[in-house]
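The values are calculated or read from the model by the stated rules, or taken from the named source; none is laboratory data. From a predicted model like this one, the values you see are computed outputs, not experimental measurements. With ideal geometry, Cβ positions are generated from the backbone for all residues, glycine too; neighbour counts draw on all protein chains shown. Heavy atoms of the whole protein, side chains included, go into the accessibility calculation; ligands, DNA and RNA do not. Shrake-Rupley method; radii C 1.70, N 1.55, O 1.52, S 1.80 Å.
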Amino acid sequence: MTIHLPTPGTVVPALTVLQPYAWLLAGGFKRNETRWSNLRSQADRIIGKWLAIHAGKSWDLVDDIIDVDVWRELDAIIAPALGKHWPDDPNSMPRGVVVAIARVVAVHDGERIIPSLTKREFLLGGYGHRRIAIELDHLHQLVEPVPARGLQGMWSWTVPDNVHFQEVRS
């Protein structure tokens with residue numbers, strides 16, 4: 001099957017994802033992006049379409065302050081499951097940029113999908129009551145992340161000129 005990547009000028013839906021989850025999605029380590037179910041109707045409309053993954057400016061860790069020793073402890077726990085270490089310095093992870101695109105395969109009820117998840121996928125998402133899992137595939141990183149102002153919920157991103165994609169094999 002031939003995959004046709006979006007071309008410059010194409011408008012694609014986008015989601016802002018906080019770090020380190022944007023890094024995990026863009027690297028192919030996380031297949032589902034979990035959200036509250038109030039995003040369900042928007043997510044259902046983009047099944048089969050490209051979704052831009054935007055790394056938000058904030059962190060999904062306490063007070064946006066990440067202690068390097070704690071970061072290394074987390075890496076020691078997560079790295080064996082991922083098969084890869086994440087960056088030594090959490091501040092080196094890109095923020096405020098579109099980092100990847102992926103196809104939306106399906107949208108699942110968070111509670112119903114739990115039995116089919118790997119342990120890693122379960123630990124890297126927020127599954128449960130009133131949650132959805134947006135399943136992604138055909139992941140492509142942007143060779144150079146593109147600055148963009150993200151928004152809460154689903155928003156639109158226009159693919160700029162001179163953007164280059166690199167397929168991620170997970």
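Just a few scattered comments:
- Considering the conditions (1) in contact with an Asp or Glu (Cβ under 6 Å, 6 or more places away or on another chain); (2) over 19 Å from Asp137 (Cβ atoms), Asn32 is excluded by exactly one of them, (2).
- Residue within the stretch 91-105 that is more than 17 Å from Ala22 (Cβ to Cβ) and in a helix (DSSP H, G or I) present: no
- The set of residues in the stretch 12-30 that are more than 12 Å from Leu51 (Cβ to Cβ) and either assigned to a strand (DSSP E or B) or over 8 Å from the mean Cα position of the chain (by Cα) (or both) comprises Leu18, Gln19, Pro20, Gly27, Gly28, Phe29.
- Residue within the stretch 81-95 that is open to solvent by 20 Å² or more (accessible area, probe 1.4 Å) and at pLDDT 85 or above present: yes
- Close pairs (6 angstrom Cβ cut-off, 6 or more residues apart or separate chains): without any contact (Cβ under 8 Å) to a residue 60 or more places away in the chain and of a type in the set (A, V, I, L, M) in the stretch 95-110, part of a strand (DSSP E or B) and open to solvent by 50 Å² or more (accessible area, probe 1.4 Å) anywhere: Val97/Pro145; Val97/Pro147
- Top-ranked residue of the stretch 36-50 - restricted to ones that are among the aliphatic types (A, V, I, L, M) and part of a loop (DSSP other than H, G, I, E, B), ranked as least open to solvent (accessible area, probe 1.4 Å): Ile46
- For the stretch 6-35, the candidate set comprises residues that are among the hydroxyl-bearing types (Ser, Thr, Tyr) and buried (at least 18 other Cβ atoms within 10 Å of the Cβ); within that set, the residue that is nearest to Asp109 (Cα to Cα) is Thr34.
- Identity of the residue in the stretch 115-157, of a type in the set (Ser, Thr, Tyr) and in contact with a strand residue (DSSP E or B) (Cβ under 7 Å, 6 or more places away or on another chain), that ends up modelled with the highest pLDDT: Ser156
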